[in-house]
1. Just for helices (runs of 4 or more DSSP H) wholly inside region 173-265: which have at least 1 residues that are touching a strand residue (DSSP E or B) at 6+ places or on another chain (Cβ under 9 Å)?
2. Considering T88, T5, T61, T74, which residue is among the polar types (S, T, N, Q) and open to solvent by 70 Å² or more (accessible area, probe 1.4 Å)?
3. What are the pairs, 6+ residues apart or on separate chains, where a residue within region 347-363 that is aromatic (F, W, Y) has its Cβ under 7 Å from a residue that is open to solvent by 30 Å² or more (accessible area, probe 1.4 Å) and away from the ligand (no atom under 14 Å from the Cβ)?
4. Name the residue, out of Q542, Q529, Q550, that is more than 30 Å from T442 (Cα to Cα) and modelled with pLDDT of 95 or more.
5. Counting only residues that are open to solvent by less than 60 Å² (accessible area, probe 1.4 Å) and under 21 Å from D249 (Cβ atoms), give me the helices (runs of 4 or more DSSP H) lying completely in region 378-458 with at least 3 of them.
6. So which residues in region 309-323 are more than 10 Å from the ligand (Cβ to nearest atom), touching a residue at least 12 places away in the same chain (Cβ under 8 Å) and surrounded by fewer than 20 Cβ atoms within 10 Å (Cβ to Cβ), if there are any at all?
7. I'd like to verify a number: residues in region 346-365 that are open to solvent by 20 Å² or more (accessible area, probe 1.4 Å) and farther than 20 Å from E275 by Cβ, how many?
8. Only one of (1) at pLDDT 95 or above; (2) small (G, A, S); (3) within 13 Å of the ligand (Cβ to nearest atom) is not met by G132, so which one is it?
Amino acid sequence: MPSLTSVLHARFAHALEQAFGEEFKRRDPVIRSSQFADLQANVALPLAKELKSKPRDVAATIVEHLDLAGVCETPEISGPGFINLTFTPEWLAENLAAGAEAADSAAAGSEAGRTVVIDYSAPNVAKEMHVGHLRTTVVGDALARTHEFVGNTVIRQNHIGDWGTPFGMLIEHLLDVGIESSTAEEISDNPNAFYQAARVKFDSDEEFATRSRARVVALQSGDAPTLELWETLVGFSRTYFNRIYSTLDVSLTDADLAGESMYNDYLAEVCAELEEKGLARISDGALCVFPEGFTGREGEPLPLIIRKSDGGYGYATTDLAAVRYRAQTLGADRALYVVGAPQALHFEMVFAIARAAGWLPDHLRPEHVKIGNVLGSDGKILRTRSGAPLRLAELLDEAIERAKVTLQESSAEFSAAEEAEVAAIVGIGAVKYADLSVAHDTSYTFDLDRMLAPIGNTAPYLQYAGARIRSILRKAEGAAATGGDATPGESAAAWQDAPIHLGEAAERDLALAILGFDDVVAEVAAGSQPHKLCTYLFDLAQAFTTFYEQCPVLIADTAEKRASRLRLSQIVLATLEKGLGILGIRVPERM
Ligand code: ARG
């Protein structure tokens, strides 16, 4: 559907060109929400300065050339030179209908047609995923779905930690306990125990530590039996990650795995290239890059170590190889890194070096989508009481259990299977929505009670709104089928294509809310801010509530109104589902 602003942008472009000449065609009309109209265009103010003229006069000239026939009422100029815009009810109704038809994708806007590489989730092999990974997974997945929705090609890159020194001790420990043992198997369920045991042995047993170091060397030089053992470890973890992904209902698959190990063969080359270009030099035995503009506390140049003095490569070198790969091999137009905020400096340095090395085309600016911390009720990073990192699987199970309890308190009757299904949709939806509804770079407190609250800006509130509309539509269909309180001869199909009338203010407000959808999604894509879509959906659900309170639907006083309102309700449901779908959240049939 044409978004509200794209229609206006096109008309303003024409008017600006007519009024002031070709070079003004691409001026941003500065369209904002307004207290006195549906929207207002503020372009006359900056333009007046430039043209050394009065803003109100500039506004009048624009309006003179502005053809909004069939879209808006005659625009009014208010205040210092705002152009007030009010859509005609006919245009709103027509576009609601058109939008309902093209439901699954947005109008191809300026955000479309690009290749967007998204690095997200990225847990570590043989380690527990923690709430931090939960958040990068959920936010990254929402961004991936957003970009697909607006018409971009998305390449997911799950940059798992599957390489590096810890694998020496992990492989030796795997051999000690036995590949087929239940202890080994445990990695696919509760990896922390295995990791901790390996760590303890490494710190206390000299012989084990020596074996482990030798094993790292064997791994990095591509020793076949060692690689096979490593594969086994990664395989256990893959099972574990996939179970969490499936519980979370995220779109990551094995095909999206692009772990650190993938770049092993390029690390030496990356270092050599940076040396050749004069960007890297040996400092204290280690190969370092000192990117311009980065300084330490005393103003001294800050190094990024790309090869340690023992010849080993680390996290930074891998990310340099990864950014080069994403720019050059994957052909990224945008590269998003959905990773914890504490890694900000690391990425700034990596991106600066990649730019200096000439690996990035001019239009590509890799973006770190900084993810804030998830806190416990004590305001510290969420941990179990014993101080261990929280097990994500347990946390998710608890959310589902709690959702089940709230369902049992509701009036709806569920079979056991249905109850389990709805509890999963609601419990997981609640957790995901809590991650998504706050700005991604702020921290928030993990609180299941608040997440599962049926009122407020929560997933259950929106899911309930959706389920309620479903129930209204079911009643209407039932009535139509039995001839009940519906007009004789009316069928479901009849109101599904019914003309929409926007007579009441609440109906008009609801229509405007619905039509704001594509603009919001485009904004989320442009600025990587899923919380704006959450706010939008919350407002939409509230607009529906107001409409439902003020405009009788099933018992409307004419058949036309009833059909129109049923259709409007159905479009709200479709919009809610579409929006929640982009966030990776489903709406249950009943709640
Ligand atoms: N595995 C890392 C961690 O757990 C995150 C990796 C993020 N992606 C990247 N390209 N560095 O912190």
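The values are calculated or read from the model by the stated rules, or taken from the named source; none is laboratory data. Given the structure is predicted, the values throughout are model-derived calculations rather than measurements. Cβ placement follows ideal geometry from the backbone for every residue including glycine, while neighbour counts extend to all protein chains displayed. All accessible areas refer to the heavy atoms of the entire protein, side chains included, with ligands and DNA or RNA removed. Shrake-Rupley method; radii C 1.70, N 1.55, O 1.52, S 1.80 Å.
1. On the way: elements: 182-185, 191-204, 206-220, 224-248.
Where helices (runs of 4 or more DSSP H) fall fully within region 173-265 and carry at least 1 residues being touching a strand residue (DSSP E or B) at 6+ places or on another chain (Cβ under 9 Å), they are 191-204, 224-248.
2. Numbers: T88 fails: open to solvent by 70 Å² or more (accessible area, probe 1.4 Å); T5 fails: open to solvent by 70 Å² or more (accessible area, probe 1.4 Å); T61 fails: open to solvent by 70 Å² or more (accessible area, probe 1.4 Å).
After applying the criteria, what remains is T74.
3. So the pair list comes out as W359/Q328.
4. Unique residue meeting the criteria: Q550.
5. Details: elements: 392-409, 416-436, 448-451.
In region 378-458, the matching helices (runs of 4 or more DSSP H) lie at 392-409, 416-436.
6. Listed by number, the residues that qualify are S309, G312, G314.
7. Filtering region 346-365 for residues open to solvent by 20 Å² or more (accessible area, probe 1.4 Å) gives 346, 348, 351-352, 355-356, 358, 361-363, 365.
If we keep only those that are farther than 20 Å from E275 by Cβ as well, we get 346, 348, 361-363, 365.
Going through region 346-365 one residue at a time, the tally reaches 6.
8. (1)
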